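S.K.: Sharing a structure with you now.
The values are calculated or read from the model by the stated rules, or taken from the named source; none is laboratory data. Please read all numbers here as calculations on a predicted model, not as lab measurements. Here the Cβ positions follow ideal geometry from the backbone for every residue, glycine too, while neighbour counts run over all protein chains shown.
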């Protein structure tokens, strides 16, 4: 079973909300990850993700955030920096991230968590394209995930196809 999961959250048809899935797509396209790393892309409600992260020791979450900073800003957060709402109002995923992490803790199944947040510009518009500042931030978000994976001792091997197209 993989010990590390990278969870890309968001809805790819809601513009910048799809940044998590886009980061995972880019990671998967560019790197051959070892079997100890699992990529999980989900726009599903958080409650469904409990089974997905069961047994994971380290969880890297990539999601769109709104903090008032410039769109495309990369945030590195820990769970205690998020506000527990108790009603999921702060997330398009049905349950807020902080609430999800609190539930994992209560159940005794909380892995070490790191959050890579990308400041969103457009969350309330339908469309499959990222806004220009968030699209420009995609490589930096991928780099942030790669740094976290390296911190955990993961070796990242570039795929040959990525070298030919780079």
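S.K.: Could you check segment 11-23 and list, in sequence order, the residues that are at pLDDT below 95 and touching a strand residue (DSSP E or B) at 6+ places or on another chain (Cβ under 6 Å)?
M.R.: Within segment 11-23, 15, 16, 17, 19, 20, 21 meet the criteria.
S.K.: In addition: Identify the residue in segment 66-111 that is surrounded by fewer than 17 Cβ atoms within 10 Å (Cβ to Cβ) and at pLDDT 90 or above and, among all such residues, is nearest to residue 51 (Cα to Cα).
M.R.: Here the answer is 76.
S.K.: Restricting to segment 112-143, give me the number of residues that are surrounded by 18 or more Cβ atoms within 10 Å (Cβ to Cβ) and under 19 Å from residue 5 (Cα atoms).
M.R.: 8
S.K.: Looking at segment 34-50, which of the residues that are at pLDDT 90 or above and more than 15 Å from residue 116 (Cα to Cα) is surrounded by the most Cβ atoms within 10 Å (Cβ to Cβ)?
M.R.: Filtering first and then ranking leaves 37.
S.K.: Could you run through segment 7-56 and say how many residues are at negative phi, in contact with a helix residue (DSSP H, G or I) (Cβ under 8 Å, 6 or more places away or on another chain) and part of a loop (DSSP other than H, G, I, E, B)?
M.R.: Matching residues across segment 7-56 total 4.
S.K.: Residue 129 - would you say it is in contact with a helix residue (DSSP H, G or I) (Cβ under 9 Å, 6 or more places away or on another chain), at pLDDT 85 or above, outside any helix (DSSP H, G or I) and within 21 Å of residue 14 (Cβ to Cβ)? Please lay out each step first, then the result.
M.R.: Details: in contact with a helix residue (DSSP H, G or I) (Cβ under 9 Å, 6 or more places away or on another chain): yes; at pLDDT 85 or above: yes; outside any helix (DSSP H, G or I): yes; within 21 Å of residue 14 (Cβ to Cβ): yes.
Yes: the conditions hold for residue 129.
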